[in-house]
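Notes follow once the structure below has been shown.
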Amino acid sequence: MADTKKIHFDSKCVHSGIGEYEFGPVVPPIYQTSTFKFENTKHGGALFAGDQKGHIYTRMSNPTVEAMENSIAELEGGHKALGCASGMSAINTTFSALLEAGDHVICSKSVYGPTSTLLRTIFSKFGVETTFVETAYIEQIEDAIKPNTKIIYVETPGNPTLCITDLAAVSKLAKSINAKVVVDNTFMSPALQRPFEFGVDVVVHSMTKFLNGHADVVAGIIVVKDEETYKKFRSTLNQLGGVIDPFNSFLVHRGLKTLAIRMEKHNQNSQVIAEYLEKHPKIKWVRYPGLKSHPHYEFGLKQHKGHGGMITFEVKGGFNSGETLMNSVKLCQLAVSLGGVETLVQHPASMTHLTMGKEARKSAGITDGLVRLSVGIENVNDILTDFDQALAKIEIKEEVEEM
Ligand SMILES: *Cc1c(COP(=O)(O)O)cnc(C)c1O
């Protein structure tokens with residue numbers, strides 16, 4: 001077997017995490033079993049005591065799950081990883097492992113909705129207080145620091161503003177106050193951004209998105225830097241129970257093999273589409289880290305190896321125009337989630353954030369015409385043709401006062 005520590009990232013995607021198995025398969029078999037036989041009581045005892053390596057029960061560990069975990073730990077440049085049932089399970093397990101009553105968290109304002117809700121509704125019940133700030137501005141984090149601040153939680157680029165946070169600066173600040181930095185790296189994946197290189201402590205992902213990449217699995221992962229943290233997190237995950245199963249691990253591990261090549265295509269297609277939208281007369285604004293008009297464009301170049309597959313933009317003419325676009329696309333599909341091989345569009349004002357009400361949407365920065373696009377790996381000309389015909393259906397009357 002090749003020493004995967006010494007090969008390039010795209011080769012690691014193909015080879016990392018794969019061990020030796022009976023009959024010599026080139027991919028890890030699916031060990032679809034809940035429990036593992038002991039040779040005798042002495043063997044069982046040794047496994048429980050940790051004196052001997054092996055598997056006991058699939059909530060605790062499983063070879064198919066471990067293969068996928070080892071692969072992602074290597075791709076992120078971490079020590080070990082913990083496969084979880086969903087991205088939210090990974091985030092919940094991380095908070096549960098690191099926090100206790102009386103602690104304080106600083107969290108990015110533009111963060112995945114349920115992450116903010118988890119902190120505001122569940123962890124607040126157990127005495128954890130959270131301050132939400134725009135982490136792209138380090139002064140806002142500094143101003144929010146309290147003596148009991150234990151975690152600075154960052155999503156970069158943030159959803160849906162695609163604001164970019166300086167991970168090295170946040171890590172330095174966190175070290176000075178003895179807090180941990182947790183980064184949700186879902187939008188970039190380790191192919192484009194490796195937070196540990198900037199001093200971050202814990203990386204979490206929704207593997208549902210780019211890591212698996214095929215819109216057929218819900219899963220999450222936590223990556224840590226040292227054995228002590230790993231043991232603490234493993235024990236927390238084992239008690240909370242939100243583990244990934246062997247079959248989903250197999251699918252994610254298969255998806256990882258094409259991560260580098262998929263991300264390259266997501267980057268290429270997104271750049272072309274973002275530039276096309278920016279020039280289009282019916283588009284009001286476009287936000288993409290690869291556009292010079294992005295407020296953190298220059299800085300992003302230092303932190304990312306590519307600008308990713310997520311674009312947000314606004315159609316002129318508000319709600320009706322957004323709705324017309326959504327209902328007119330044919331190749332692009334109208335669905336939430338992101339990071340798959342297929343292009344997905346969603347219109348928060350008429351879909352995910354409809355029940356939130358106009359006022360609440362306004363304060364969250366979700367305008368009526370805002371569209372979120374997850375660019376797939378189709379031929380870019382087919383995506384452009386689809387946008388051309390859909391945008392042609394929009395009739396812009398008077399530019400109405402929007403919100
Ligand atoms: C989807 C998502 C999550 C939650 O992941 P699930 O797998 O749906 O639980 C967390 N963070 C980000 C940035 C996401 O896009």
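The values are calculated or read from the model by the stated rules, or taken from the named source; none is laboratory data. This structure is a prediction, so every number in the text was calculated from the model and none was measured. Positions of Cβ are backbone-derived with ideal geometry, glycine not excepted, and every protein chain shown enters the neighbour counts. Calculation scope for accessible area: heavy atoms of the full protein, side chains included, ligands and nucleic acids excluded. Shrake-Rupley method; radii C 1.70, N 1.55, O 1.52, S 1.80 Å.
Here are the numbers for the structure shown:
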quantity: Percent of Cα pairs exceeding the 19 Å cut-off, where the set is the range 199-344; calculated: 64 percent
quantity: Cα-only Debye scattering, the range 74-122: base-10 log of I(q)/I(0) at q = 0.16, 0.19, 0.22, 0.33 Å⁻¹; calculated: -0.56, -0.76, -0.95, -1.30
quantity: Neighbour net charge for S189 - beta-carbon separation under 11 angstrom, K R +1, D E -1; calculated: +3
quantity: Cβ-placed point charges (K, R +1; D, E -1), dipole of the chain about Cα centre in debye, nearest 20; calculated: 460 debye
quantity: Spatial separation of Cα centroids for the range 193-210 and the range 53-121, in angstrom; calculated: 11 Å
quantity: Whole-Å semi-axes of the ellipsoid equivalent to the range 58-213 (Cα gyration tensor, √5λ, descending); calculated: 24, 18, 15
quantity: For the range 270-333, radius of gyration divided by Kirkwood radius, i.e. Rg to Rh on alpha-carbons; calculated: 1.02
quantity: Reachable lysines from K305, criterion Cα separation under 19 angstrom, eight or more residues apart if same chain; calculated: K12, K209, K257, K265, K292
quantity: Whether the range 1-128 is rounded, prolate or oblate, judged on the alpha carbon gyration tensor where a/c under 1.5 counts as rounded; calculated: oblate
quantity: Per residue value of the accessible surface for the chain (all protein chains in place, 1.4 Å probe), Å²; calculated: 45 Å²
quantity: Calculated diffusion of the range 130-266, Stokes-Einstein form, Kirkwood radius summed over Cα pairs, 4 °C and 1.567 mPa s, µm²/s; calculated: 80 µm²/s
quantity: Relative contact order (%) - the range 63-253, alpha-carbon pairs under 8 angstrom, separation at least six; calculated: 32 percent
quantity: Exposure ranking of K53, K265 by accessible area [1.4 Å probe, largest first]; calculated: K53, K265
quantity: Nearest-10 value in Å² for the accessible area of R372, using the 1.4 Å probe; calculated: 30 Å²
quantity: Cα convex hull of the range 259-392 - mean projected area over all directions, nm²; calculated: 8.0 nm²
quantity: Quarter of Cα convex hull surface for the chain, i.e. mean projection, nm²; calculated: 21.2 nm²
quantity: The range 128-182 versus the range 285-323: alpha-carbon centroid distance in Å; calculated: 22 Å
quantity: Listed residues P157, L370, F23: farthest to the positive end of the dipole of the chain (Cβ charges); calculated: F23
quantity: Gain upon complete extension [F247, N148; 0.36 nm per residue less C-alpha separation]; calculated: 31.6 nm
quantity: With every protein chain in place, the chain: carbon and sulfur % of accessible area (1.4 Å); calculated: 54 percent
